[in-house]
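**Student:** Take this structure first; my questions come after.
The values are calculated or read from the model by the stated rules, or taken from the named source; none is laboratory data. Remember, it's a predicted structure, so these values are computed and weren't measured experimentally. Please note: Cβ atoms are built from the backbone with ideal geometry, for glycine as well, and neighbour counts cover all protein chains shown. To get the accessible areas, we keep the full protein, side chains included, count just its heavy atoms, and leave off ligands, DNA and RNA. Shrake-Rupley method; radii C 1.70, N 1.55, O 1.52, S 1.80 Å.
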Amino acid sequence: MEFRIDRRNGTAAYQQIVQQVGQALRLGILAPGDRLPTAREVAESCAVNPNTTLKAYRELEREGLVEPRPGLGTFVRRSLARPQAAADSPLRAELEAWTDRAHEAGLEREDVAALVASVLEERYAAGARPRGAPGAPAHREHRAHREHGVRRTDE
């Protein structure tokens, strides 16, 4: 696994490492027993202090996701992968197709990220249920529409 550290995004380097390991665990890229790069390897490939990587690995260890093995390295302890999020899942294929349509429509990466974040916030809010779930409203107005007094008439 190779880490990508973006010094412009405002997130601490160690936190980026934690996030990237978490994402790799969720997508099944990393599995139990896999060895993570050493602090020295990450320092060389990403130009970060080895202590940055060690801090990230300690946080992952506290979360029960990795375990250090003295003299051997740091190894994945458990996976976060779900079949529905696998690289070959139908949901991923739908998301890829949607992302392609958004790009073709002229949306930039930041536009897509903002749109996805707003939908995630709305759909995964505490206590929110997916549309069609028992007890869920048939339609929820979009927050921006509520805030500006606009009601959707297309649904």
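**Student:** Give the number of residues within region 17-64 that are of a type in the set (Gly, Ala, Ser), in a helix (DSSP H, G or I) and within 25 Å of residue 87 (Cα to Cα).
**Tutor:** Of the residues in that region, 2 qualify.
**Student:** State whether the residues of region 65-84 include one that is part of a helix (DSSP H, G or I) and either open to solvent by 20 Å² or more (accessible area, probe 1.4 Å) or among the charged types (D, E, K, R) (or both).
**Tutor:** Yes, some residue in region 65-84 is part of a helix (DSSP H, G or I) and either open to solvent by 20 Å² or more (accessible area, probe 1.4 Å) or among the charged types (D, E, K, R) (or both).
**Student:** Just a yes or no: is a residue in region 96-107 surrounded by 14 or more Cβ atoms within 10 Å (Cβ to Cβ) and either at pLDDT below 90 or of a type in the set (Phe, Trp, Tyr) (or both)?
**Tutor:** No, region 96-107 contains no residue that is surrounded by 14 or more Cβ atoms within 10 Å (Cβ to Cβ) and either at pLDDT below 90 or of a type in the set (Phe, Trp, Tyr) (or both).
**Student:** Against the condition assigned to a helix (DSSP H, G or I) and of a type in the set (Gly, Ala, Ser), how does residue 87 come out, does it pass?
**Tutor:** No, not satisfied.
**Student:** Output the residue which, of all residues in region 13-36 that are surrounded by 14 or more Cβ atoms within 10 Å (Cβ to Cβ) and among the small types (Gly, Ala, Ser), is farthest from residue 88 (Cα to Cα).
**Tutor:** 13
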